[in-house]
Each structure stands twice: as structure tokens, then as C-alpha cells.
């Protein structure tokens, strides 16, 4: 009779249960991975040459004089693991000198999964591998890690591909497509864009901030006022927007002066702008104005037909500039005066040379 199987878990089974997920291996043709970095329970097999190339942190510390050499029989020349401070701040340090990572220390970290994902994205940037930013929080984690490991330039140069088509630009709040998510996100994300020196993300946030300028107190506008360069740019952008509105208003009154048949259908306007105190300062007002102007072709037999044509052309030109949508990353499918942008002008713009950083500086 064969012996009964033991119910006691073997040592091998215990190791398997306690082991983390399989290592993530980054491949670089012609090179063998010589570095293992353990982020919480995830191992990354990477190349020290790539780390040194894109990170001042690893360039400085991988071969510092105070680090003992790895044994000749070691699989990896460099072994790094996670250390967590008493305040929950974490980093990777040489495994030979790192204190053990206890459950108590792990509980101090806000979101280990998000932190690990951020480090994974950082390595993808190092290796020029495609990656996607799924939400604003993930972007903030990535940029914080890039700042700590002195690798902002490589993240900045690879970020555009991660943002184009990103789900974070088509989200709605609680399933409500009328909620302008970016009115809330832009005050903090424009700071992230400035740190990264990323013109596309900066411009996207800038457009939202200028378009929501009158309501910035509702969207953490005080955060912006602490950064003079950004705040001054946003104020200047809002002044330019006001000038565009003024030109449209002047063109509208000029048309009323020469076109005795044309008038605003104020009942329709009131339905669209609802209970707003200043409807003529909202995008939906001018969107409605353009729709009414397009739907009512000019009558024949004017006393001054050329003056009417000229006035209509001027008004259309001003409205087109005012209602222009300069967003690039947005995937909502809405334009100015529609959906979540019902009250938001999207016509602001800022040239690369006006960004609040030195574009000639390479290492930042």
C-alpha cells in the first residue's frame, strides 16, 4: 500500500507561494541584463548601460566607491531593492545594504501598485518602449519618479506617444459627459508639464485654464497663483480671449447697424444659456449666435448690400477665431460650446518660445 501524501506544505511550495510575479525582462540586442531592480515584489531585469545613459541617479550611484563588488558567481552585477522610510517615501537602493522590507513599512506606501506601475513606465521610457498613460494620477507618479531618478528629459521626449490616444483624455466624471474633467485637472497638470518641459501637455492645460479663467476659484486656481510665470501667462491668455470677444461683439453691432432684417433670437439664447448671469461671456452664447447667423442668409434688396456682406464676413471671421478648438489630445468629440465645453472657450494658444522654461537646456 503506497504511503499517504503528506498534508504539510513543502519548502518548495512555500517559496512559490511567497514569490512575486515573474520578472519583467527588458531586452537590448547585443547586451546581457546585468542589473536586477526589485520594486516591492516585482523584479526588473535591466542593463546598467541603459540606466546610466538616461538617469543621473544611476550614473552617479551604480559604481560609487562605497559599494562592494558583486561576487564573481553572481547572476547580476547590480542588485537593487525597495526601501521605505517611516514617512512612506520609497526608493531603490543596493540590496546588500538595504534594510528588510516589512509589512508595516509596506503599509505606509499609499498605492504600491501605482508606484510599481510608475517605475515600469519609467523603464519603458529608458528603453524607448511604447507605453500608455491611463489617468492623471499615473502621470503624476511617473513624473515624480523621473524627477527623483534625475531622468526627466527622457520621459519628456517619450511622453507624447503615451498621451496621444490616452484614455485620460476621454474620461467623464461619474458617467456625466457634461462634466469638464480638465477644468479640475489642469491647475496641477500644468505644473507637471512645466517640470517635464513638455510643450504639448502644457499647451493643452493652458487652453483649459484660459477657457475657464472666470471660474478658476472653483478649480484650485490658488495653486496657479503660487507660480508667477504660469499665472502671468494664463492672465495674458485671458486678456487675449477678452479682446477676441470684444471684436465679435463689435462685429455683431456693426451687422445690426447695416442689416435691418437680422436680429438675435433671444428666446433660443436664453434656453441655451439657462440661468447664467453673464451669457455673453460664455461660449454657448457665441455658438448659438453663429448657428443663427448661418441659418438666416442675407436678404436681397439692401440699401447697402456690400456693407452687409462685409459685416457678415467680419462677424463670421471673428466667431470662427473665437470658437476655434486648439486642443490636440482631447478625445471627447466635443467642440467649444458643446457638451463639457458648453461654457469653455478653447481658442487660446501659446507658442513654444513662450513656454516658461529654457528650451535650449538639455539636462534638467
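Readers should treat all values here as calculations from the given coordinates under stated rules, not as data from a laboratory. For clarity, every value in this text was computed on a predicted model and none was experimentally measured. Neighbour counts are summed over all protein chains in view; Cβ atoms, including those assigned to glycine, are modelled from backbone coordinates with ideal geometry.
May I ask you to derive the FRET efficiency for residue 239 and residue 320 from their Cβ-Cβ distance with R0 = 30 Å, giving the value to the nearest 0.05?
After rounding, the FRET efficiency stands at 0.90.
Nearest-5 percent of antiparallel DSSP beta bridges in segment 16-162?
Expressed as a percentage, antiparallel bridges in segment 16-162 total about 65.
If you rank 67, 195 by fewest surrounding Cβ atoms within 10 Å, what's the result?
The fewest-first ordering by Cβ neighbours comes to 67, 195.
If you take the beta carbon distance between residue 310 and residue 354 as r and set R0 to 35 Å, what does 1/(1 + (r/R0)^6) give as a FRET efficiency, to the nearest 0.05?
0.55
Going by how many other beta carbons lie within 10 Å of each one, how would you line up 330, 267, fewest first?
Ascending Cβ contact count within 10 Å gives the list 267, 330.
Compute the Kirkwood hydrodynamic radius of segment 16-162, taking the inverse of the mean of 1/r over all pairs of distinct Cα atoms, and give it in Å to one decimal.
Values: mean 1/r = 0.0627 Å⁻¹.
After inverting the pairwise mean of 1/r, the radius is 15.9 Å.
By how many nm would the segment from residue 331 to residue 226 lengthen if fully extended, with 0.36 nm per residue of separation less the alpha-carbon distance?
34.8 nm
Let's test the formula: R0 of 30 Å, r as the Cβ-Cβ distance of residue 150 and residue 103. What FRET efficiency results, to the nearest 0.05?
0.45
From the square roots a ≥ b ≥ c of the eigenvalues of the alpha-carbon gyration tensor of segment 181-354, which class results: rounded (a/c under 1.5), prolate (a/b over b/c), or oblate?
prolate
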